[in-house]
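The values are calculated or read from the model by the stated rules, or taken from the named source; none is laboratory data. Just so it is clear, the model here is predicted, and its values are computed rather than measured. Quick reminder, even Gly has a Cβ in these numbers, built from the backbone with ideal geometry, and neighbours come from all protein chains shown. Note: areas computed on protein heavy atoms with side chains; ligands, DNA, RNA excluded. Shrake-Rupley method; radii C 1.70, N 1.55, O 1.52, S 1.80 Å.
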Amino acid sequence: MEDKENTSSSYEKLVSQDLTAEDDLPVHRNQEHQVTMSALRPGFTLNHYKMFTVSLAVLALILLVVDIGLGVYYYKLTDGDVVKDISSEIAKLQISYNAAVQGRDDALKLLATERSQQQVTRWEHEHLTARIKDYGNQVERIQMDIATLKSQLPMIREGCRHCAPGWTFLSSTCFYFPFASTYSRTVWQEARQSCQRLGGDLVVLDSRDKQVALFNFINTFRNPSGILHLSGFWIGLTDAEDEGVWKWLDGTKLKEGFWSIGEPNNVNNEDCAAIYPTDNPFMAWNDAPCEFRLKWICESAPRSIG
Ligand code: 2F8
Ligand code: CA
């Protein structure tokens, strides 16, 4: 009996020990388990793995939804109105493109027509310019003819006195005006020799009548927009021999001069005189350097017929 009791108490002890051990066991086992897991992934607990698994499931679900969405979209794209819309848009664009190409071709044709028309206009312009120049030369010749014819009138009135062809009879004297554009401006000495070759000399303006007659004549050729000091005409008056003493080519001293205001001023050694188209016939002379280039006026005595 005692033995049985011993046995029983021993058993309870053992059970109690074992129970005590059981109480410790979950911790112990968990620790063991945790040790095993920790060995796989340091710092990861079971909860972590659970969360990881759930996340994977959610991700898979999202991918499934996206996949279904793309499938639906693809279906609509290939089968639905979108394709029709795009086709009709392409057709419209093709029409617009064709219209643009047509427009460009039309514009190119128009440009070619305009260019050839422009060429014709340019030719016409050149032709007309040449004709205008011809008319200008004709006007110049006609003006000279009119002046010559006018000069015949007093000559006819005076009877048998006349001027050589090309000379103009004015104020009982024959004048030669080398005004045509064929004569270019020249220095005083060369102008004088030109007159002498024609049987005369540079003009002597020793009377008011001659001055006025000549002044009026040159004023008909006046160019108001021209440069005044280039528009003069050499006359037969010089102070080259004795500065300040003006003499005509026949050797007579100047009595009455028709100088412009402030002239003669001898700037840069001006020893030769010229008449200019101005506003006042009695203020129309200037002294200029004899080497300056101007037009000139010749004079000769009328000839008697017979
Ligand atoms: O202003 C008068 C002055 O004008 C010209 O010089 C700028 C004349 N020169 C010629 O004609 C070369 C001067 O003679 C004249 O006095
Ligand atoms: Ca001068």
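Look at the dipole of region 165-300 built from charges on Cβ: of Asn265, Gln189, Leu254, the Cα furthest out on the positive end belongs to Gln189.
Computing FRET efficiency as 1/(1 + (r/R0)^6) for Asp206 and Tyr135, where r is the C-beta to C-beta distance and R0 is 45 Å, gives about 0.70. Most tightly packed first, judged by the mean number of other beta-carbon atoms within 10 Å of their residues, the peptides 164-174, 255-265, 60-70 read 164-174, 255-265, 60-70. Only lysines eight or more places from Lys210 in sequence, or on another chain, were considered; those with a Cα closer than 21 Å are Lys150, Lys247, Lys253, Lys255, Lys295.
For region 86-162, the solvent-accessible area works out to 85 Å² per residue, with a probe of 1.4 Å and every protein chain left in place. Give me the log10 of I(q) over I(0) for region 86-162 at q = 0.17, 0.22 Å⁻¹, as the Debye formula computes it from C-alpha points; what are the numbers? Each listed q corresponds, in turn, to -0.84, -0.97.
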